[in-house]
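Comments concern the structure below.
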Amino acid sequence: MIIKPKTRGFICTTAHPEGCTQNVREQIDYVKSKEPINGPKKVLVIGASTGYGLASRVAAAFGSGADTIGIFFERPADSKRTATAGWYNMAAFEEEAIKAGLYSKSINGDAFSDSIKEQTIELIKKDWGKVDLIIYSLASPRRTHPQTGEVFNSVIKPIGKPYTNKTVDFHNGEVSDVTIEPATEDEIRQTVAVMGGEDWEMWMKALKNAGVLADDVTTVAFSYIGPELTHAVYKDGTIGKAKEHLDTSAKNITEMLKGINGKAYISVNKALVTQSSSAIPVVPLYISLLYKAMKTKGTHEGCIEQMYRLLKERLYADNLLLDEAGRIRLDDFEMQEDVQNEVAKLWALVNTDNIEQVSDIKGYREEFFKLFGFMRAEINYDEECEVDVKNPGMI
């Protein structure tokens, strides 16, 4: 099959297996070029197939020599369409991990369900005994509660009043104003149910009750705060409410793990081009300007740089630096005053006519399509490509 990108809004409905493979190898090469991490040895990544989850699995495996189990919900190819990018990412990761002599297994299914939790626990018992790091990196728009069966759908909305600001269609560079109506109380409740910490707590409780957590176990979930510019649609909006719940869950989990000296942390990460961030109004324009400012200053990082730093310089460093709320801050370069001042200056200037000059919209566009294996210079996208790729570590 000859595979070209096909988009529907902020979603790309095709993925290129060779491009995804190159993306994963690029991350692996980055980690192998850095100093080894004296870190975890048995790592469970819940939400392992893209973004920060994928990068954390790569960093643990190829930086610390860790055995890894990845949980994800991805679609393999069929006769009419390609697999999802996450499927190809995991197939490439498994292949490279096996080549390197690393244990690597994957479970494909609904991580919110009890059955996937049980299957994971059985695999840990059988092959490892105990796990010492759990990365929780699920990013889903909906969740079915495993006990009640209620289906929750998340929304990206402000709270209390409508919000109007600039946004961009990153496909064509058109800058326009967008107004987002405020969320209802039920929409807030459902967003917290999907994106808050209830499922993270359920995972940790199930793992603890099964006796598969090592002493001094660590677990990390990811969050974002961002500048005041994005607060209405993020920190102070429905997603922000979910992240507040995540903060509470971290405290609850740490209390739950007190008997084995376990700790739960929130890592506040940098704004990056992901499938999730592309869906949030205002944010793609902010990221385009942020990339411009940070690349100019030489401080730009992608997912793999962030996750290498999380393990090497934070979780497994001699002294773990935390903010006043007890969170790990990997958004430190993003939130530097000079960076944010530059973004604010560019925000005031940017419009459709000048966006190519004052922002890195080109870089945003390239990063978006690279998520799906496209826009890689070393690949000829006019050639036939095998889409039915098997994952050698799939359980």
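The values are calculated or read from the model by the stated rules, or taken from the named source; none is laboratory data. Since we're looking at a predicted model, the values are computed, not measured. Every residue, glycine among them, receives a Cβ derived from its backbone with ideal geometry; neighbour counts consider all protein chains shown.
Out of everything in region 207-227 that is polar (S, T, N, Q) and either assigned to a loop (DSSP other than H, G, I, E, B) or in contact (Cβ under 8 Å) with a residue 12 or more places away in the chain (or both), what residue ends up being surrounded by the most Cβ atoms within 10 Å (Cβ to Cβ)? Break it down into steps so the answer makes sense when it comes.
Initial filter on region 207-227 (polar (S, T, N, Q)): 209, 218-219, 223.
Next, from what is left, pick out any that are either assigned to a loop (DSSP other than H, G, I, E, B) or in contact (Cβ under 8 Å) with a residue 12 or more places away in the chain (or both): 218-219, 223.
On the way: 218: 21, 219: 25, 223: 21.
Of everything passing the filter in region 207-227, 219 is surrounded by the most Cβ atoms within 10 Å (Cβ to Cβ).
Go through the residues of region 182-199 one by one and say whether even a single one is of a type in the set (Ser, Thr, Tyr) and not in a helix (DSSP H, G or I). Before the answer, list the steps.
Of the residues in region 182-199, the ones of a type in the set (Ser, Thr, Tyr) are 184, 191.
If we keep only those that are not in a helix (DSSP H, G or I) as well, we get 184.
For region 182-199, residues of a type in the set (Ser, Thr, Tyr) and not in a helix (DSSP H, G or I): present.
Take region 13-68 and flag every residue that is part of a strand (DSSP E or B) and either of a type outside the set (Lys, Arg) or on the phi > 0 side of the Ramachandran plot (or both). Don't jump to the end; show me each part of the working.
Looking only at region 13-68, we keep the residues that are part of a strand (DSSP E or B), and these are 42-46, 67-68.
43, 44, 45, 46, 67, 68, listed by residue number.
Name the residue, out of 356, 334, 313, that is in contact with a Lys or Arg (Cβ under 8 Å, 6 or more places away or on another chain) and part of a helix (DSSP H, G or I). Lay out the reasoning, then the answer.
Numbers: 334 fails: part of a helix (DSSP H, G or I); 313 fails: in contact with a Lys or Arg (Cβ under 8 Å, 6 or more places away or on another chain).
The conditions single out 356.
Scan region 305-325 for residues that are in contact (Cβ under 8 Å) with a residue 60 or more places away in the chain and either within 21 Å of the chain's Cα centre (by Cα) or crowded, with 17+ Cβ neighbours inside 10 Å (or both) and jot them down. Give the steps one after another, and end with the answer.
Just the residues of region 305-325 that are in contact (Cβ under 8 Å) with a residue 60 or more places away in the chain, to begin with: 305-308, 310-312, 315-316, 325.
Listed by number, the residues that qualify are 305, 306, 307, 308, 310, 311, 312, 315, 316.
Of the conditions (1) surrounded by fewer than 16 Cβ atoms within 10 Å (Cβ to Cβ); (2) closer than 25 Å to residue 241 by Cβ; (3) in contact (Cβ under 8 Å) with a residue 24 or more places away in the chain; (4) out of contact with any strand residue (DSSP E or B) (no Cβ under 9 Å at 6 or more places or on another chain), residue 196 satisfies every one except a single condition; which number is it?
Residue 196 satisfies every listed condition except (1).
Do you know which residues across region 69-78 are outside any loop (DSSP other than H, G, I, E, B) and either within 23 Å of residue 268 (Cα to Cα) or without any contact (Cβ under 8 Å) to a residue 24 or more places away in the chain (or both)? Talk me through it step by step, then tell me what you get.
From region 69-78, those outside any loop (DSSP other than H, G, I, E, B) are 69-72; that's our starting set.
Listed by number, the residues that qualify are 70, 71, 72.
Which pairs do you get when a residue that is surrounded by fewer than 24 Cβ atoms within 10 Å (Cβ to Cβ), found in region 38-59, comes within reach of a residue that is β-branched (Val, Ile, Thr), reach meaning Cβ atoms under 9 angstrom, with the pair 6+ apart or on two chains?
If the second residue must be β-branched (Val, Ile, Thr), the pairs left are 42/68; 42/69; 42/124; 42/131.
Report yes if residue 122 is assigned to a helix (DSSP H, G or I) and either loosely packed, with under 15 Cβ neighbours inside 10 Å or modelled with pLDDT under 95 (or both), otherwise no. Steps first, please.
Working: assigned to a helix (DSSP H, G or I): yes; either loosely packed, with under 15 Cβ neighbours inside 10 Å or modelled with pLDDT under 95 (or both): yes.
Yes: the conditions hold for residue 122.
Kindly check whether there is at least one residue in region 275-294 that is crowded, with 17+ Cβ neighbours inside 10 Å, part of a helix (DSSP H, G or I) and aromatic (Phe, Trp, Tyr). Quick ask: steps written out before the conclusion?
If we filter region 275-294 for residues that are crowded, with 17+ Cβ neighbours inside 10 Å, which is where we start, we get 275-278, 280-294.
Now drop any that are not part of a helix (DSSP H, G or I), which leaves 277-278, 283-294.
Filter once more, keeping what is aromatic (Phe, Trp, Tyr): 286, 291.
There is at least one residue in region 275-294 that is crowded, with 17+ Cβ neighbours inside 10 Å, part of a helix (DSSP H, G or I) and aromatic (Phe, Trp, Tyr).
Considering 218, 191, 230, 164, which residue is of a type in the set (S, T, N, Q), under 26 Å from residue 339 (Cα atoms) and either modelled with pLDDT under 95 or within 22 Å of the chain's Cα centre (by Cα) (or both)? Break it down into steps so the answer makes sense when it comes.
Values: 218 fails: under 26 Å from residue 339 (Cα atoms); 191 fails: under 26 Å from residue 339 (Cα atoms); 164 fails: either modelled with pLDDT under 95 or within 22 Å of the chain's Cα centre (by Cα) (or both).
Exactly one residue qualifies, and that residue is 230.
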